[in-house]
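Remarks on the structure that follows.
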Amino acid sequence: MRRPQAGSRPRERRSAPSCCPVPAEPVATLDPPARLREIPYNYTSFSDREIVIRLLGQEGWALLDDLRTERRTGRSARMLYEVLGDIWVVRRNPYLEQDLLDNPRRRELLIEALHHRLADIEKRRDASDPVRDGKVARLLEYARKAIHDFADSFAAVDSLRRRARRAFAAHTRSDNVCFDAYARVSHATDAPTGASRSRSSCWLRTARTRFPASCAPASRRG
């Protein structure tokens, strides 16, 4: 190792020439805001906002979004989301809709369960905050209307099918007019695949656990 000579100056470190590019500091990339999906049984591409607007209307979503910022325990919100999730999954899945059309007793128990959840939300209202309580009251009105519309839709579907059968009877054989779930999804653009049919079976098992097996139609009983 060479020793520096006496009186000699220490060598200065040369800086990088100005022509060399200096690596820029990494810029933090912002991820897009995540789409909130708190509604259960939502296997569609719809966000919670889109589902709430379809079931409760634009004002219902505005109330729910406003109350969500004031959420305390979140229990009432979860119960409301469960109500909307049960309604939405039946509306979007012909297999579940047909199961409830074939089982009036199970359908009645489901409607009762939806109203029971809303009654629990009603009990948890806080009268000490009149502004917030008024928003909850209006939101419950929209939810009750959604349940009534859901319950009435089964009778409307059954009546429409009867009219369709009578209208088509003059033009084709009766076995060519099919409203079963398989025939319906075969002609739908968002037809459930095998995976979504398995999800339907999962929901059916959950529903049959919540509602007694004695609700099965008479043709299936022993």
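Taken together, the criteria exclude R144 from residues that are at pLDDT below 90 and not aliphatic (A, V, I, L, M).
Only residues that are open to solvent by 50 Å² or more (accessible area, probe 1.4 Å) and without any contact (Cβ under 8 Å) to a residue 40 or more places away in the chain: list them for region 41-67, please.
First, pick out the residues of region 41-67 that are open to solvent by 50 Å² or more (accessible area, probe 1.4 Å): 41, 43, 45, 49-50, 54, 58-59, 62, 65-66.
If the condition is that a residue be open to solvent by 50 Å² or more (accessible area, probe 1.4 Å) and without any contact (Cβ under 8 Å) to a residue 40 or more places away in the chain, then S45, R49, E50, R54, Q58, A62, D65 are the ones that fit.
Could you list all residues from region 170-185 that are over 16 Å from Y95 (Cα atoms) and surrounded by 12 or more Cβ atoms within 10 Å (Cβ to Cβ)? Of everything in region 170-185, just one residue is over 16 Å from Y95 (Cα atoms) and surrounded by 12 or more Cβ atoms within 10 Å (Cβ to Cβ), namely V177. Tell me, which residue of region 112-144 that is among the hydrophobic types (A, V, I, L, M, F, W, C) and open to solvent by 30 Å² or more (accessible area, probe 1.4 Å) is nearest to V83 (Cα to Cα)? If we take residues in region 112-144 being among the hydrophobic types (A, V, I, L, M, F, W, C) and open to solvent by 30 Å² or more (accessible area, probe 1.4 Å), then A119 is nearest to V83 (Cα to Cα). Here P10 meets each of (1) open to solvent by 100 Å² or more (accessible area, probe 1.4 Å); (2) modelled with pLDDT of 85 or more; (3) not charged (D, E, K, R) with one exception, condition (2). From the residues in region 83-106 that are touching a Pro at 6+ places or on another chain (Cβ under 9 Å) and polar (S, T, N, Q), which one is surrounded by the fewest Cβ atoms within 10 Å (Cβ to Cβ)? Selected residue: N103.
The values are calculated or read from the model by the stated rules, or taken from the named source; none is laboratory data. Note that the structure is a prediction, hence the values are computed from the model and not measured. All Cβ positions, glycine included, derive from the backbone under ideal geometry; neighbour counts span all protein chains shown. To get the accessible areas, we keep the full protein, side chains included, count just its heavy atoms, and leave off ligands, DNA and RNA. Shrake-Rupley method; radii C 1.70, N 1.55, O 1.52, S 1.80 Å.
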